[in-house]
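Each remark here refers to the structure printed beneath this line.
The values are calculated or read from the model by the stated rules, or taken from the named source; none is laboratory data. Everything numeric in this text was worked out from a predicted model, so none of it was measured. FYI the Cβ positions are ideal-geometry reconstructions off the backbone, even for glycines, and counts take in every protein chain you see. Heads up: the accessible areas ignore ligands, DNA and RNA and are worked out on the full protein's heavy atoms, side chains in. Shrake-Rupley method; radii C 1.70, N 1.55, O 1.52, S 1.80 Å.
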Amino acid sequence: IQKVIQFLLAGNIAEITTLFAATLLNFDAPLLAAHILWVNLATATLPALALGVDPAGRDIMSCPPVRTGTLFERDLVWRVVVQGVFVAAMTTIAYWIGSTMSGHTAGQTMAFCVLALSQMLRALNQRSNTEPIWVRSGERNVWLMLSVAASAALMGCVLFVPGMRGAFELGTLSTG
């Protein structure tokens, strides 16, 4: 339950903080409501469900017990805030770079991509709060891998199918 809560809350904090930071910096909206809804539906829901069936980590018994009656221990709140603010900073920076170099639509597209990609990467990393993703061993969560692949495929449809790209008011990104 804590994995799912941490994953979803950090994503929501990132979205809110991105819009708040853009307002403070007097930027145009880096994300549209449709973008936030899509990120929540396509790149957060499936991985969150898969994290719900993730096996316990191998170091679970070496961690101190959580106080009964609460899911929100101090470390969990800290991780949620730090992750949310970090993703918001990266999303805002992506918008700023894109809009400065190629205009508002490119900035929105970059912010949308960074936010969605960060959700998928955080889902993979969310399996443990003590081991980095490249060290983690033990049981594999096939459902998590499938959910991230499905989320990536859905994002690919939005970014590369012209009709869907137009519905989300996204542009194409180029290197030049």
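The protection proxy used here, the mean number of other Cβ atoms lying within 10 Å of each residue, ranks peptides 28-36, 115-123 as follows, highest first: 115-123, 28-36.
Using the heavy atoms of the protein chains alone and a 1.4 angstrom probe, what is the accessible area of the range 85-125 per residue in square angstrom? Working shown, then result.
Details: 1700 Å² over 41 residues.
Per-residue value: 41 Å².
Taking all protein chains together and a 1.4 Å probe, the residues Ser174, Ser147 rank Ser174, Ser147 from largest to smallest accessible area. Of the listed residues Trp78, Trp96, the order by accessible area with a 1.4 Å probe, largest first, is Trp78, Trp96.
Sorting 17-23, 86-92 by average packing, meaning the other beta carbons within 10 Å per residue, from highest down gives 86-92, 17-23. Taking every protein chain into account, the 1.4 Å probe leaves Val81 with about 60 Å² of accessible area, to the nearest ten.
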